[in-house]
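Novice: The following block contains the structure, expressed as structure tokens.
The values are calculated or read from the model by the stated rules, or taken from the named source; none is laboratory data. What you see is a predicted model, and the numbers here were worked out from it, not measured in a lab. Every residue, glycine among them, receives a Cβ derived from its backbone with ideal geometry; neighbour counts consider all protein chains shown.
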Amino acid sequence: MVALVNAVQTGVLQGLAEVAVVFSNKPDAPGLTTAAALGCPTASLSSQGRKRAGFDAEVVEVLRQYQTDYVVLAGYMRILSPTFIRAFAGRILNIHPADTHQHQGLHAYEWAFDNRLPETKITVHLVDEGLDTGPILAQRPVDLRGADTLAEVERRGLAVEHQLYAETLAGLLRKELKIEN
């Protein structure tokens, strides 16, 4: 999230995008404090003990109040309901630390490390009603040769994530991207 805000304020997204709101389903999330310190509007609703569809319907209303054009997921670890996905169909982006054709869901860096992969890919994709199955907007390889710890795999991957996500969003806003399945 910080890398995206920085890209909007001084990087590849400057003049192309603005942060309408940083939202979290955890009102005490440190990212909200960080976002506010960076000058971004923030909002939150607790999802604890809530049914997904009802909660997501409320989130849709919150995001609409901020006139959100795109929903860019960054650290949002909930599976979105069809209610939410349909409200922003074709306008929800996610980043996944693997090739989504090879590994979906959580623990992708652990998967790459445990399988001693020489390379993994960072994938930016549109969100559909499946889990990490939406159309791919961009992928970039991450060289894992010599990465002897999970922390090193994560460090290398995050460096690519932070650059690729902003570049992909910029390409989408400029209408330069070809969407792949």
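Novice: Against the definition (within 23 Å of residue 84 (Cβ to Cβ) and of a type in the set (Ser, Thr, Tyr)), how does residue 120 come out, yes or no?
Specialist: no
Novice: Assuming residue 129 fulfils every condition listed in (1) touching a residue at least 40 places away in the same chain (Cβ under 8 Å); (2) surrounded by 15 or more Cβ atoms within 10 Å (Cβ to Cβ) apart from one, which condition is it?
Specialist: Among (1) touching a residue at least 40 places away in the same chain (Cβ under 8 Å); (2) surrounded by 15 or more Cβ atoms within 10 Å (Cβ to Cβ), the lone unmet condition for residue 129 is (2).
Novice: Looking at this structure, is residue 42 in contact with a helix residue (DSSP H, G or I) (Cβ under 8 Å, 6 or more places away or on another chain) and without any contact (Cβ under 8 Å) to a residue 24 or more places away in the chain?
Specialist: yes
Novice: To continue, here is another question. Quick one: would you say residue 134 is exposed (fewer than 13 other Cβ atoms within 10 Å of the Cβ) and either closer than 17 Å to residue 166 by Cβ or within 17 Å of the chain's Cα centre (by Cα) (or both)?
Specialist: Answer is no for this residue.
Novice: Only one residue in 53, 57, 43 is outside any helix (DSSP H, G or I) and within 20 Å of residue 94 (Cα to Cα). Which one?
Specialist: When all the criteria are applied, what remains is 43.
Novice: Something else now. Taking residue 156, is it more than 15 Å from residue 99 (Cβ to Cβ) and free of Cβ contacts under 8 Å to residues at least 24 places away in the same chain?
Specialist: yes
Novice: Hey, does segment 85-103 have a residue that's among the polar types (S, T, N, Q), within 25 Å of residue 17 (Cα to Cα) and within 15 Å of the chain's Cα centre (by Cα)?
Specialist: In the first step, residues of segment 85-103 are kept if they are among the polar types (S, T, N, Q); the result is 94, 100, 102.
Checking which are within 25 Å of residue 17 (Cα to Cα) leaves us with 94.
Those still in the list that are within 15 Å of the chain's Cα centre (by Cα) too: 94.
Yes, that holds for at least one residue.
Novice: Just to be sure, is residue 79 among the β-branched types (Val, Ile, Thr), surrounded by 18 or more Cβ atoms within 10 Å (Cβ to Cβ), touching a residue at least 40 places away in the same chain (Cβ under 8 Å) and under 20 Å from residue 135 (Cα atoms)?
Specialist: When the stated conditions are applied, residue 79 does not pass them.
Novice: Tell me, yes or no, whether segment 22-30 has at least one residue that is modelled with pLDDT of 95 or more, over 25 Å from residue 171 (Cα atoms) and not in a loop (DSSP other than H, G, I, E, B).
Specialist: Within segment 22-30, the subset modelled with pLDDT of 95 or more is 22-30.
Next, only the ones that are over 25 Å from residue 171 (Cα atoms) stay: 24-30.
Applying the additional criterion that residues be not in a loop (DSSP other than H, G, I, E, B) yields 24, 30.
Scanning segment 22-30 turns up at least one residue that is modelled with pLDDT of 95 or more, over 25 Å from residue 171 (Cα atoms) and not in a loop (DSSP other than H, G, I, E, B).
Novice: Of all residues in segment 7-35, which are without any contact (Cβ under 8 Å) to a residue 12 or more places away in the chain and of a type in the set (Gly, Ala, Ser)?
Specialist: Of everything in segment 7-35, just one residue is without any contact (Cβ under 8 Å) to a residue 12 or more places away in the chain and of a type in the set (Gly, Ala, Ser), namely 15.
Novice: Further question on the same structure: What's the total number of residues in segment 31-40 that are among the hydroxyl-bearing types (Ser, Thr, Tyr) and either within 20 Å of residue 91 (Cα to Cα) or exposed (fewer than 13 other Cβ atoms within 10 Å of the Cβ) (or both)?
Specialist: Matching residues across segment 31-40 total 1.
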